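The values are calculated or read from the model by the stated rules, or taken from the named source; none is laboratory data. Please read these numbers as outputs of a predicted model, since none were measured by experiment. We place every Cβ from the backbone using ideal geometry, glycine too, and count neighbours over all the protein chains shown. Heads up: the accessible areas ignore ligands, DNA and RNA and are worked out on the full protein's heavy atoms, side chains in. Shrake-Rupley method; radii C 1.70, N 1.55, O 1.52, S 1.80 Å.
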Amino acid sequence: MDGSAAKLPTDDINISGVTRTFAVGSRQVYALRDVSLRCDAGSFTALIGPSGCGKSTLLRSIAGLELPDAGSVLIGGQTPQQKCRLGALGVAFQDSALLPWRSVRQNIALPLQVLRRNTAGARDKIDALIDLVGLKGFENARPSQLSGGMRQRVAIARTLVTDPSVLLMDEPFGALDQILRRSMNIELQRIWMENRATTLLVTHGIDEALFLADRVVVMHRDPGRIAHIVDIPFARPRSPPLFSAPEFHALEDEIAAYLYGGATS
Amino acid sequence: MKALLRLAILLALWEGLGDFHLIAQGALPSPSAIIMQWWQDRAVYPPHIWATLQPALLGFIIGNCIAVAAAFAFALLPTFEGLMRGFNIAIFGIPPIALAPVLVITLPGDWPQIVLASVSVYFPTMVMTLLGLRDIDPRPIDVIRCYGGGEFAVLRWLRVRSCVPGLLGGLRVAAPAAILGAILAEFGSGARWGLGSFLLGSLGRGNPARIWGIGLTATLMAALAYGLCALLGRRFSASMAAVTIAGGKTISKTAKTAASRVSHLLLALSALAIPFLIWWGILKGFGVSPVIAKTPLAVWQYLFSAPDAAESRAAILQALKESLPLAGIGLVIALSVALLLAVMGMIWRALTAMLMPAALILQTMPLVALTPMIVLLFGRGITATLVVTVIVTFFPAFITIAQGLATVPKASLDLLDVYGASRSQKLLMVSLPTSLPYLCAAARLVAPASLLGVMIAEWLATGYGLGNLLNTARGELDYGMIWAVAFVAVAVSVGFYQLVKLLEDQVLRRYSAASSAA
């Protein structure tokens, strides 16, 4: 990659008073109640919490896939829908969501096609992204020929193809095994440090959140809300030995305490 | 090699049975006799084949174009699909043989064959294309929406490509159906050429070898059409399956308000009215003489207010009394045998391996071609009718049920294995409940076919029931009766379908995991 990646414009994310309810039978369930959060431009935030705490709903609201019942989400001062049309968002899900009939290269080109941008001119860029996620030589492979980890790398390359100012990731490594997950964490850090997009990562893994994020946001359920925010002081680039450092474990225990209750504020 | 040897033994056995007139006094001619007769008739076959193939091909093209256009319209406008529901079910339920005489008296030239072929291909192609357009992986939709893509972008980048395997699967089913439709429309069309006319003309001649020759030729044509489309499908649908399986879909349940109930009722009523409007519109649009072409109102008058309405009603009721029980019994027998064989196939894998290819080929067999052979073998009684009905319904039912049994998740079976479950326990506890939706679908899909089977046998052989009534009315140029019987046959068929669907909904509501609350 050339140095221009680091100069990309980034946006901050401003979430204020977001509420989202779902009807389960005759009962109203608060997936999110009055959630406010600010993510500075170029920051890396991890959302962690039990199933049903609304962290995915929050992420989908930022991506413009859900409309909150109350409150607002602004990305760099614009609504998610406005940002979507500019290709300013890159979203990765737990599943790679690749189109099975397209090759790796064609899958990465999909966002450009949806945005009606020139794909022929983006060929070099796509190949550079494939190189970036370590899939050189697999440009023309189809998803069925790739392993789970490789498919997830394709999905990450796809999120980067529009030079997004905001990266949203919903448990992108949730379906991978622990070993693969570690190596993907390290790669994600490398990619993020090259692009410096404002990033929001939803995860179930405390270690993953700690290793990657500047801040870890702990959420609780019923109603879905932010319970605590922990700043992560470790210097970058972070390397694998950090996973076994005592201060890492101390923070892990602290977040676990917030997660399992008792120490909530 | 083994398969070839088996085939050789079978052929030798058949040859022996045929040569010595062992079955039904020579009703089963030997293969050599059939081939010799075929060779003698070699000069007349090409024009007959061409006369059938040409309208079948044209109908195949027209019908499929309409079907694909309709599928796209339904996918984009769900309300439109709701409106056309009655029309779709009517097209699915129409026994082609009931429509044939109506088309023959209304349309000129080759058009009856072309239209019946189109009608026969519409439903399978439309349904499978729509399924492909609609039943898409929800995850890439999110990706497209993240880049501001709307409904059109989802259609363009996702749905169009996703529907291809379904579309090709539909074409595969439609190809033999087009040939069957074209042949059926030749019945009573007075056309000189065509395999249907050839078959009808040969029925009374006491030449079983020729009838078998025509039947086998038609079967071969249908099988070739099926094979050609299957080949096309295999080329295009490689690498289509999603790599991972999408998580459980959330079924949005909207509360029924009073307003939505009213619009629901309006929609249902319109859906019911539209087939009649189309029927009326086509007749008016083409300006067919009202003496020949009966509008819905004219059929109503014929049945209820004309001077001899009571007589007509009595004739139709009598015919229904003869036909319906046979269709019902045939359906039950076919489903039971299909279920039994599919279950046995689970225990002895070799059985499925042997039956499946045969079933796939035989379900494409043009029924008309088959009927005379069955009549030759079983006589002109109830047995022949039942055999025809069971054969038409058995193969598609068997294929559907066997597919259902094959979808049973391996983990569930492994779980029972851990506790040392026997085969019958696994069958009762896991396999049968899991494949219940497929069993229901099989029943629903073949219900109209059972009435078609009964009517064809009655028309060609037995001399009673709805099929016979239709044939007689055609002979006597009793136009009112032709339209009335056609209408009643369609109505009964649709009613049969809806009845089975109602049962299916009940069963699935009780046993299906999908409908239970999350």
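Quick notes on this one:
- Global form of chain B, assessed from the alpha-carbon gyration tensor, a/c cut-off 1.5: oblate
- Annotation for A:Asp124 and A:Ala256: the two label points, set 7 Å from Cα along the Cα-Cβ direction, are 5.0 nm apart.
- Cα shape, the protein assembly as shown, gyration tensor, a/c 1.5 rule: prolate
- Residue of A:Phe248, A:Phe138, A:Phe22 that the Gaussian network model of chain A assigns the largest fluctuation, springs spanning Cα pairs under 10 Å: A:Phe22
- Point-to-point label distance, B:Phe286-B:Ala310, nm (Cα→Cβ direction, 7 Å offset): 3.6 nm
- Once all protein chains are placed together, B:Trp50 keeps about 150 Å² accessible to a 1.4 angstrom probe.
- Solvent-accessible surface of protein heavy atoms, probed at 1.4 angstrom with all chains present, puts B:Ser120, A:Ser16, B:Ser323 in the order A:Ser16, B:Ser120, B:Ser323, largest first.
- Cα-based shape type of segment B:102-214, given that a ≥ b ≥ c are square roots of the gyration tensor eigenvalues and the cut on a/c is 1.5: prolate
- Solvent-accessible area assigned to carbon and sulfur over segment A:199-265 amounts to 56 percent, based on a 1.4 Å probe.
- Counting, for every residue in A:17-29, the Cβ atoms of other protein chains within 10 Å of its Cβ and taking the mean gives 1.
- Rounded accessible area of B:His48 (nearest 10 Å², 1.4 Å probe): 10 Å²
- Projected onto its three principal axes, the C-alpha set of segment A:137-265 covers 52, 35, 28 Å, listed from the longest axis down.
- The distance from the alpha carbon centre of segment B:280-324 to that of segment B:140-184 is 39 Å, rounded to a whole number.
- Per residue, the protein assembly as shown exposes 47 Å² of accessible surface when a 1.4 Å probe is rolled over the protein heavy atoms with every protein chain present.
- Contact order relative to length of chain A, as percent, for alpha carbon pairs under 8 angstrom and 6 or more apart: 27 percent
- Relative contact order of chain B, pairs being alpha-carbon contacts under 8 Å that are 6 or more residues apart, as %: 18 percent
- Computed helical MRE - 222 nm, chain B, DSSP H runs ≥ 4 contributing -39500 (n - 2.57), nearest 500: -26000 deg cm²/dmol
- Only protein heavy atoms count here; on that basis, with a 1.4 Å probe, A:Arg27 has an accessible area of about 150 Å².
- Helical runs assigned H by DSSP (4 residues or longer) give chain A a calculated mean residue ellipticity at 222 nm of -10000 deg cm²/dmol, each run adding -39500 (n - 2.57) before division by the residue total.
- With every protein chain in place and a 1.4 angstrom probe, the accessible-area ranking of B:Trp279, B:Trp212, B:Trp38, largest first, reads B:Trp38, B:Trp279, B:Trp212.
- When each of the peptides B:171-178, B:375-382, B:415-422 is scored by the mean number of other C-beta atoms lying within 10 Å of its residues, the order from highest to lowest reads B:171-178, B:375-382, B:415-422.
- When the listed pairs B:Lys284/B:Lys501; B:Lys294/B:Lys321; A:Lys83/A:Lys136 are checked against a 28 Å cut-off, the alpha-carbon distance exceeds it for B:Lys284/B:Lys501; A:Lys83/A:Lys136.
- Segment A:Leu67-A:Ala141, extension gain: residue separation times 0.36 nm, minus the distance between their alpha carbons: 23.0 nm
- Theoretical gain in end-to-end length, B:Leu13 to B:Asp505 [0.36 nm per residue, Cα-Cα removed]: 172.4 nm
- Of all complete DSSP H helices in chain B, those with a Cα span along the helix axis of 30 Å or greater and a mean Kyte-Doolittle hydropathy of -0.5 or more are B:45-76, B:111-134, B:164-186, B:208-236, B:258-286, B:309-347, B:382-406, B:432-457, B:479-511.
- Restricting attention to the protein assembly as shown, close to 55% of DSSP beta bridges with both partner residues there are antiparallel.
- Net lengthening on full extension, B:Glu476/B:Ile35 (0.36 nm per residue, minus Cα-Cα): 155.0 nm
- Total accessible area lost when B and A pair, probe 1.4 Å, Å² to nearest 100: 2300 Å²
- List A:Ile15, B:Ile105, A:Ile186, ordered by accessible area with a 1.4 Å probe, largest first: A:Ile186, B:Ile105, A:Ile15
- The angle between the Cα long axis of helix A:246-259 and the longest principal axis of the Cα atoms of chain A comes to about 60 degrees, rounded to the nearest 10.
- Spin-label model distance (nm) - A:Glu187 vs B:Ser424, 7 Å beyond Cα toward Cβ: 5.4 nm
- Within segment A:138-169, backbone nitrogen closer than 20 Å to the virtual label 7 Å beyond the Cα of A:Asp131 toward Cβ: A:138-141, A:153-164
- Set of segment A:186-222 residues, backbone N closer than 11 Å to the point 7 Å along the Cα-Cβ line of A:Ala245: A:211
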